[in-house]
Every structure is written in structure tokens, then in C-alpha cells.
């Protein structure tokens, strides 16, 4: 084989980002909460040890929170995204071939001739020293095996685990339940078990033609990867999205149409920023809103608005979105959430022209405005500039009572150190 795959996985990433700027909390259980401080989305190792489950609603673990003096943080995604970018940029110094798989994971390919364990140790030490984030690293011949190795790496003190030896791979796969395999999960595992596939080793040994008839190609490729045959290539260029959605639950129920319009405008602007970064345009907009499904009266609706011309221009997208909201809004309800989804996406270089177009061209002034807003937000923070329709007070905003400062993305929140 010409290369070895390393999976770098940031440990308890959101919690680690918070602890990065709060060393005084070292050793204490720390949890990060979802929007509106509802559920646990990240736990430090100390929080895991005392039995706080992932996804638990905050109100159900109050006994643990009080008994162990658990530290709580509201989610701070601008901070997490910035720290993630720093980690990924550090990884690029070790290899030109890297796939950023998620905010806290990346696959890295290195030559098979390299000392993979030594490289992994160097990566781990560098990220910890320069960024301050602890990582675990799995090493193997394929992405699937590297994911399995990373699970093992989290269990040892060194934080690095290699699955390059054939005997070690076999021993590990025999102990791994099929439900724990990357890409299999809860949906496919029960069906595989009906055919006698209970472990990763069983899946590896299963006839590939049989798997092809009974399941999809992903299962076949996964089985090949377990047999050390690379079948999932590293995606160095992020996939162009099929759709982009932005939505949040409100800090409190909202009845007024004007506040829903402000929230929708803000979410549309955020989604348009993502669309611009992806280098694409939208051909349609879906607007949706809903009340709390556990409360009466219940109401939920959505509407699709096609665009006469493709665009990434926020004011144009807001205009269509607000038109759709007016269509589905009903008085007398207290709404929990409103959101927008951009669909029929395409790169700006790939467009089906309308009957009256000779070529697709984004108006110069629109492009300049979007680029200017993007630069300002990147330098001064996402709240540095906004569109008027987003409102000022934002009474609908998601509750984040315990959010930490934006240490790395907002001038006013830069950490002050007193010596």
C-alpha cells in the first residue's frame, strides 16, 4: 500500500475549547449545552465519569449537577469553529492530503514508508502545545479501520493506536460489535444480524457479492475496508451541499409576525453567508415554522418558493422568504421555531440559463456588497454588521445564559491576562 491513514479526533471538543480559556476548571466536570440550554451536547472526561449521558435534557440531571458541582456552558459555535480551523491548519503542516470530516475530526494520509506512530505522536504533541486541544489518533490502512483505531486510542493514555498489523486487526474486529462500525449504526445493524453478522470480523468475512445483493454499495465498501482494501477515498475538496438550512428554537415562544420576520431575516442572512462561502447560488427557498409539538394548539407548516433567477444575494433571498412566511403564518399561535432552507443549489460556474439569458452573471454591486459584509464579519465578528430587517433587540434570540466570551473572534472578548 502506498499510504497510511490517520484519523485525528479532538477529545470532548466543545468542552476542551471551553477549558482552553478556563484552566481554573481543570479537573472539574464540564458540560456544554445545546441551543436554549436544553440538552447536553458535550462532556469533559470528568463529566462522563460521573455518569452524565450525552443528549440528556438538563432538567433530568440536576441531581448530578448539584452533587458534583458541574460547570455548565451554553454552546459557543463561533469559538468552536475558529478553534477547529486552527487545528485543521496545523494538521496541514504534516500532510498535503487531508479530509476535514467534521468540526472535530480529520483524515490525514501519509506515505506508507513513514513511521506512522512517530508522526501521530508528533501531531498530537504539536496540536496540544500550539492550540491546547487534546486529540486521539487512530492509524490503519483504510478510513474505516482508522476510525476503529481511534476508538481504541481514546482508551489509552498515549492517545495513539495503530491497527497496521494483520493479527491486531483481526483481534480488534472480533471484539467490535457491528453496530459500532462507522457507516453501519443502528439502522443497518439489525438487518445484518439477521444474516449472522454480529461483529466487524463477521462483516469482513461475508461474501461481497451476497452483501451487494442484500445491501447497498456502502456496506460492500465498508466490508472491503475492514479487509484493509481502501474503498473510501479521502475527499480533499469539501462536497458541494445539496441544501443549506438555518433554524433555531426561540428563547421564548413568539406570537408576533414582526418578530418572526426578524428571526427569519437573520437566519436567511446566515444561510446566505454559508451559500456564498460554498461558491453557489440557490434556485428555491423553503420557509417553515412550528409551535411546540407538546403544546396545544399545535400548528406547523412550510412553503416552497421558486426563484425566477438563481442568486446568493441576501436581500433577494430575504424578500422571497418573507413572502413565504406571510403565506403560512397564522394568528393565535405561539411559535417555537422558524427556519429557512435553500434548495436547488448549484455552483456559480454551473447554471441552466433562463429563456431570456445569454449568460449567467451576478450583478457587480450585489457581489461587492456580499463580499464587503463577509470581510467585515470575518474581521470584527458575526454581529459587527447586519441587515435592517434582522431587527435590533432580537427578542426572539436563542437563550444562551451561560455562553463564554468569543475569545478568538470578537475584539471586545479578547482574553486579558494579568501578570
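List the strands (runs of 3 or more DSSP E) that sit entirely inside region 1-93 and contain at least 2 residues that are surrounded by fewer than 21 Cβ atoms within 10 Å (Cβ to Cβ) and either touching a strand residue (DSSP E or B) at 6+ places or on another chain (Cβ under 9 Å) or assigned by TED's automatic domain parsing to the domain that holds residue 234 (or both).
Values: elements: 3-10, 30-33, 40-43, 71-74.
In region 1-93, the matching strands (runs of 3 or more DSSP E) lie at 71-74.
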At pLDDT 80 or above and either over 30 Å from residue 70 (Cβ atoms) or in a strand (DSSP E or B) (or both): is that true of residue 378 in this structure? no
Kindly indicate whether any position in region 105-112 is assigned to a helix (DSSP H, G or I) and out of contact with any helix residue (DSSP H, G or I) (no Cβ under 9 Å at 6 or more places or on another chain). no
So the check is Cβ under 7 Å with 6+ separation or different chains; which pairs have a first residue in region 247-264 that's over 20 Å from residue 387 (Cα atoms) and a second one that's assigned to a helix (DSSP H, G or I)? 249/35; 249/36; 251/36; 254/260
Scanning for something within 19 Å of residue 198 (Cα to Cα) and assigned to a loop (DSSP other than H, G, I, E, B), does region 137-144 turn up at least one residue? no
Residue list for region 293-310, restricted to those being at pLDDT below 90 and in contact with a strand residue (DSSP E or B) (Cβ under 6 Å, 6 or more places away or on another chain): 310
Taking region 192-216 and the residues there that are within 28 Å of the chain's Cα centre (by Cα) and modelled with pLDDT under 90, the one that is surrounded by the most Cβ atoms within 10 Å (Cβ to Cβ) would be 215
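Suppose the filter is surrounded by 13 or more Cβ atoms within 10 Å (Cβ to Cβ), free of Cβ contacts under 8 Å to residues at least 12 places away in the same chain, on the phi < 0 side of the Ramachandran plot and not assigned by TED's automatic domain parsing to the domain that holds residue 94; does residue 179 pass it?
Details: surrounded by 13 or more Cβ atoms within 10 Å (Cβ to Cβ): yes; free of Cβ contacts under 8 Å to residues at least 12 places away in the same chain: yes; on the phi < 0 side of the Ramachandran plot: yes; not assigned by TED's automatic domain parsing to the domain that holds residue 94: yes.
Yes, satisfied.
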Consider residue 119 against the criteria (1) surrounded by fewer than 17 Cβ atoms within 10 Å (Cβ to Cβ); (2) over 20 Å from the mean Cα position of the chain (by Cα): it satisfies all of them except one. Which criterion is unmet? (1)
What is the residue count in region 235-263 for residues that are surrounded by 18 or more Cβ atoms within 10 Å (Cβ to Cβ) and more than 18 Å from the chain's Cα centre (by Cα)? 7
Step by step: first the residues of region 137-176, then only those that are more than 23 Å from residue 127 (Cβ to Cβ) and out of contact with any helix residue (DSSP H, G or I) (no Cβ under 8 Å at 6 or more places or on another chain), then the one that is surrounded by the fewest Cβ atoms within 10 Å (Cβ to Cβ). Which residue is that? 167
Just one of (1) buried (at least 17 other Cβ atoms within 10 Å of the Cβ); (2) within 20 Å of the chain's Cα centre (by Cα); (3) in contact (Cβ under 8 Å) with a residue 40 or more places away in the chain trips up residue 109, so point out which. (2)
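Give the residue, chosen from 228, 258, 265, 326, that is in contact with a helix residue (DSSP H, G or I) (Cβ under 6 Å, 6 or more places away or on another chain) and not in a strand (DSSP E or B). Working first, answer last.
Values: 228 fails: in contact with a helix residue (DSSP H, G or I) (Cβ under 6 Å, 6 or more places away or on another chain); 258 fails: in contact with a helix residue (DSSP H, G or I) (Cβ under 6 Å, 6 or more places away or on another chain); 326 fails: in contact with a helix residue (DSSP H, G or I) (Cβ under 6 Å, 6 or more places away or on another chain).
Being in contact with a helix residue (DSSP H, G or I) (Cβ under 6 Å, 6 or more places away or on another chain) and not in a strand (DSSP E or B) holds for just one of 228, 258, 265, 326, which is 265.
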Within region 388-400, can one find any residue that is at pLDDT 80 or above, surrounded by 12 or more Cβ atoms within 10 Å (Cβ to Cβ) and outside any helix (DSSP H, G or I)? yes
Just to be sure, is residue 189 outside any helix (DSSP H, G or I), under 25 Å from the mean Cα position of the chain (by Cα) and either crowded, with 20+ Cβ neighbours inside 10 Å or without any contact (Cβ under 8 Å) to a residue 24 or more places away in the chain (or both)? no
Region 264-278, subset farther than 25 Å from residue 395 by Cβ and crowded, with 19+ Cβ neighbours inside 10 Å, residue nearest to the chain's Cα centre (by Cα): 275
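The values are calculated or read from the model by the stated rules, or taken from the named source; none is laboratory data. Everything numeric in this text was worked out from a predicted model, so none of it was measured. Ideal geometry is used to build each Cβ from the backbone, glycine not excepted, and the neighbour counts take in all protein chains shown.
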